[in-house]
Amino acid sequence: KSSNGHPLNAVSLQDGLETSSPFSETENAESTVSITVVGASGDLARKKIFPALFALFYEGFLPEDFIVFGYARSKLTDEELRDMISKTLTCRIDRRENCEDKMDQFLKRCFYHSGQYNSEEHFAELDIKLKEKEAGRKSNRLFYLSIPPNIFVDVVKCASLGASSANGWTRVIVEKPFGRDSESSGELTKSLKQYLKEDQIFRIDHYLGKELVENLSVLRFSNLVFEPLWSRNYIRNVQFIFSEDFGTEGRGGYFDHYGIIRDIMQNHLLQILALFAMETPVSLDAEDIRNEKVKVLRSMKPLLLEDVVVGQYKGHSKGGKSYLAYTDDPTVPKDSLTPTFAAAALFINNARWDGVPFLMKAGKALHTRRAEIRVQFRHVPGNLYKRNFGTDLDKATNEFVLRVQPDEAIYLKVNNKVPGLGMRLDRSDLNLLYRSKYPREIPDAYERLLLDAIEGERRLFIRSDELDAAWSLFTPLLKELEEKKIVPELYPYGSRGPVGAHYLAAKYNVRWG
Ligand code: NDP
Ligand code: BG6
């Protein structure tokens, strides 16, 4: 059970979600929680953060006494902020009749303060407004930095000096990107730590808040059937696949500075890999879990250029519709070499995983949107049914798939006899399809992560040594790609990506799932 006793984080085999507030009545009466969304006028705040806060309020997970402040340079009144965010609030979890009332109640708790990001004075003005609402009670303050990374440090400095809580906790959620390489990430960490202690910094990777990613550890460590198979003895390869069926439209400026390896692989996919491959933690405590993640990351070899394929999407016409190339975006230089696709083979040098290829594939503007973990098992030794599979024994191996999105599912491909006379074998899925088993809407990753940050649960946030270990794996490769000006393989918008990814997999006897 977590230190604050939140039932969501306790191990429970109850079917269904808790619906009552996790905060005890005494705590509610004595303290307040103020959440300040810095960059409140932006895309992420509107699309994800305010809706997630509303969903938490709606479900009864926010403490009794909370307020939300938007902070940005745009000149808005409280009413204008409410008007702006009301457009993206939905009663998506349960369309009960009182939804409109709940929205009104939530919006009444939302306020706005306009200020510069580098002005301690403006944050001190925010502090005065916060104090008015907190009315002398113990105040806990959460700042969500939903702003471009170049102003993270300014905001942390001014917020910590001008608007920290005087008698409760102050925590800061930082959004990625956490630097561009080991050096810049190290500098960012150092600068943040001038004003905050490590345990006040909540580095968010929203993939860790996704339901199926959360379930990965539960599956591994609470079932007898998986853990004994979870090693080089039985697993042939593991694949982490991210694909989106849209390009970087509207975000080209940001994306061109980072590319797909920094945008997806170094964080989202590597985090999932660490959870997948880590040893059993001593307990469910955040530090125990993060210690194991760091250990496995540090057992990995930095990526080699020969184990990586990069691609970039080009324009394509399909069904009478034209799709623009990455470099057609006016905010992207015409000669940009930034990869919008990458595939890579990684290896873990430890007793459990020695020699097992961990393949990653991430791409924009591909034929489909999906995020999956695929585990391909070894061949059955001396398989009695070998001849029923023809020449392709790979087709007969078991495959375990965790479909993170869309249409969340966990399934195991097994070989099975087709009913009837004779002996015909077939591949079937033992399928846990979430929408059939759990018809209730799955909470958004941001809901889980915001709630955890409010509660001080750090399990799903990235510790600075984890971040260092992650950058150490990717920095040499990123430098080499840039220094050697490696030209990405072009692939048509809406295709399956560059063919080079198949050759890379074939080099390790792998076929992408
Ligand atoms: P925006 O570009 O929309 O910026 C947020 C706000 O910051 C803007 O409304 C603006 O507010 C202010 N701002 C923008 N540019 C500057 C600038 N150059 N200097 C000072 N202030 C600026 O960002 P997003 O909302 O898209 O993202 C916020 C953070 O979250 C970023 O770090 C991003 O990388 C990360 N992120 C975003 C995702 C998304 O889906 N959008 C997904 C994952 C991470 P004002 O002018 O009113 O001050
Ligand atoms: C963000 C990336 O971190 O994750 C985006 O910056 C990407 O490029 C997004 O589109 C994907 O998140 P999700 O939750 O929609 O899969």
Under 5 Å between amide H atoms, partner at least 5 residues away or on a different chain: which partners does Phe111 have, H built in plane at 1.01 Å?
Val68, Phe69, Gly70
Starting from the range 174-243, pick out the trypsin sites (Lys or Arg not before Pro) whose DSSP state is loop and whose Cβ has at most 13 other Cβ atoms within 10 Å.
Lys197
Roughly what would the spin-label model give for Ala124 and Glu249, points 7 Å off Cα along C-beta, in nm?
4.7 nm
Indicate, rounded to the nearest 5 percent, the antiparallel portion of the DSSP beta bridges found entirely in the chain.
55 percent
Anything over 22 Å Cα to Cα? Flag those among Lys176/Lys479; Lys47/Lys314; Lys133/Lys197, in the order listed.
Lys47/Lys314; Lys133/Lys197
Between Ser191 and His379, what's the calculated FRET efficiency when r is the beta-carbon distance and R0 is 41 Å? Round to 0.05.
0.20
Determine the gain in length on full extension of the stretch Arg427-Glu480; use 0.36 nm per residue of separation and subtract their C-alpha separation, reporting nm with one decimal.
14.8 nm
Measuring from label point to label point, each 7 Å out along Cα→Cβ, what is the Leu229 to Arg298 span in nm?
3.2 nm
Run down the aspartates and glutamates and flag those whose C-alpha is under 15 Å from the C-alpha of Lys321, throwing out any fewer than 8 positions away in its chain.
Asp245
Over all pairs of distinct alpha carbons, what does the Kirkwood formula give as the hydrodynamic radius of the range 164-323, in Å?
19.0 Å
Of all the Cα-Cα pairs you can form in the range 64-220, what percent are over 23 Å apart?
50 percent
Kirkwood calc, the range 390-513, C-alpha pairs only, radius in angstrom 20.0 Å
Compute the helix-to-body angle for 120-134: its Cα long axis versus the longest principal axis of the chain, expressed 0 to 90° and rounded to tens.
80 degrees
Please give every one of the aspartates and glutamates within straight-line cross-link reach of Lys75, meaning a C-alpha to C-alpha distance under 17 Å, and leave out same-chain neighbours fewer than 8 residues apart.
Asp43, Asp83, Glu121, Glu125
Base-10 log of normalised Debye intensity for the chain (one unit scatterer per alpha-carbon) at q = 0.06, 0.09 Å⁻¹:
-0.31, -0.70
Among Lys108/Lys210; Lys48/Lys108; Lys193/Lys485, which pairs are too far apart, with a Cα-Cα distance over 26 Å?
Lys108/Lys210; Lys193/Lys485
Reachable aspartates and glutamates, given that their alpha-carbon falls under 14 Å from the alpha-carbon of Lys417 and they are not under 8 places away in the same chain
Asp426, Asp429
Return the calculated 222 nm mean residue ellipticity for the chain, to the nearest 500 deg cm²/dmol, obtained by summing -39500 (n - 2.57) across DSSP H runs with n ≥ 4 and dividing by the residue count.
-9500 deg cm²/dmol
Expected vector for the range 185-191, Karplus 3J(HN,Hα) from phi with 6.51, -1.76, 1.60 and θ = phi - 60°, integer Hz, x for Gly and Pro, equals 5, x, 5, 4, 4, 4, 5
Isolated Cys in the chain by the 4.7 Å beta carbon test?
Cys110, Cys158
Suppose the chain between Arg370 and Thr397 were pulled fully straight at 0.36 nm per residue; how much longer would it get relative to their current alpha carbon spacing?
7.5 nm
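Just so you know, all these numbers are worked out from the coordinates, no wet-lab data involved. Fair warning: this is a prediction, and the values are worked out from it, not measured in the lab. No Cβ is skipped: glycine too gets one built from the backbone with ideal geometry, and neighbour counts run over all protein chains shown.
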